[in-house]
1. For Lys234, give me every one of the lysines with a C-alpha distance below 25 angstrom, ignoring sequence neighbours fewer than eight places off in its own chain.
2. In region 107-210, if every C-alpha pair distance is counted and binned at 5 Å from zero, what percent goes to each bin?
3. If we count every other residue with Cβ under 10 angstrom of Ala212's Cβ, Lys/Arg +1 and Asp/Glu -1, where does the sum land?
4. Whose amide H sits under 5 Å from the amide H of Leu142, counting only residues 5 or more places off or on another chain, with H placed in the peptide plane?
5. For every other residue with a beta carbon closer than 10 angstrom to the beta carbon of Ala289, add +1 if it is Lys or Arg and -1 if Asp or Glu, then tell me the sum.
6. Under a 5 Å amide H to amide H cut-off, with H placed in plane at 1.01 Å, what residues pair with Tyr65 once short-range neighbours are removed?
7. Does region 44-192 come out rounded, prolate or oblate by the C-alpha gyration tensor, with a ≥ b ≥ c the root eigenvalues, rounded set by a/c under 1.5 and, if not, prolate when a/b is larger than b/c and oblate if not?
8. Applying the Karplus parametrisation 6.51 cos²θ - 1.76 cosθ + 1.60 with θ = phi - 60° to the phi angles of region 169-177, what ³J(HN,Hα) value in whole Hz is obtained for each residue in order, glycine and proline being reported as x?
Amino acid sequence: MTEARVIPLHADDAGARRRWRLGGPQNGGPAPEPEPEPAVEAEPEPGAEWDELIEFAKRRLGGDYTVDDFGFDRELTDNVLLPALRPLYRSWFRVETIGMHNVPGEGGALVVANHSGTVPIDSLMTAVALHDDHPDHRHLRLLGADLMFRLPGIGTLARKGGATLACTPDAERLMSSGELVGVWPEGFKGIGKPFHDRYKLQRFGRGGFVSAALRTGVPIIPCAIVGAEEIYPKIGDIRPLARLFGAPYFPVTPLFPWFGPLGMIPLPSKWYIEFGTPIPTDTIGAAEADDPMTVFNLTDQVRETIQHTLYRLLSQRRNAFTG
């Protein structure tokens, strides 16, 4: 039985991207070289896609792929997981991103976002946004609750997609290795809140994400997500069933459980994801990570920034489903 090779974080990918610089006499630069005639792309041969699929399957079955120390499988994520989410991102929720330039193209950073929607689809859509809409196609390493990793199948896919347990040591190790890490500090209080409390941020825990950012000196990027609250409007909670399944809540929505499996289809709300101005932590110092007042003040700053951004986006939105 073959096993996937495990590679350390940030082994050489040899994937440098070519960058083009605009210039010309009007900008004091050299005259631009004549542009070559655009190459005519050859039509793919019939069956080429199937050949690629077969080769992909052979590599997977033969264990000819790599994962990092946390189980992140880049090839599977790029070729299977992200493509499976793109129809939701582009056609169903029609996600628009704002402020993508605030997310660094390389190096560690911490994306902190509001959590909502009854089911944590917002974290997945944020991951697609940062990979597809960022010029450097960054992978977001999600920090998830332990419940997610206890679910059969789901936990394994989450690991392969780059997620790991929301604990300080893992977060610090990822950010120190130059990874882009995502955290949703509201946790289940955020995604499970009633619909009448939509877009009202819950408490941000004890600020563990701030301490991790301070120790590693990475910037904190506030992220506001509008649209996720409307996909499964939670109007009730069947607590006996929640206890039976070991879940934090068992939601009741206008369509679920009344319409059975059809009630599990998310409503096609219009989404906006805005990445705010990074909050630097390297000027504060790692020593302040153990100071409760510093951590509290910075946590409150991040929370207030996200809340104000949510209010602004909501004031500009005319309709939850048309934008």
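Read-outs: derived from the displayed coordinates by stated rules, not from any lab. None of the values given here were measured: they were computed from a predicted structure. Note that we place each Cβ from the backbone using ideal geometry, even for glycine, and neighbour counts take in every protein chain shown.
1. Answer for Lys234, where 25 Å is the Cα cut-off: Lys189, Lys193, Lys200, Lys270, listed by chain and number.
2. Per 5 Å bin, starting at 0, the Cα pair percentages come out as 2, 13, 22, 25, 21, 13, 4, 1, 0.
3. Overall, the nearby charge balance is 0.
4. Ala163, Thr164, Gly182
5. For residues surrounding Ala289, the net value is -3.
6. Counting only residues 5 or more places away or on other chains, the set is Arg5.
7. Values: a/c = 1.55, a/b = 1.37, b/c = 1.13.
Taking the square roots of the gyration eigenvalues as a ≥ b ≥ c, region 44-192 is prolate.
8. With coefficients 6.51, -1.76 and 1.60, one gets x, 5, 4, 5, 5, 5, 5, 5, 8 Hz.
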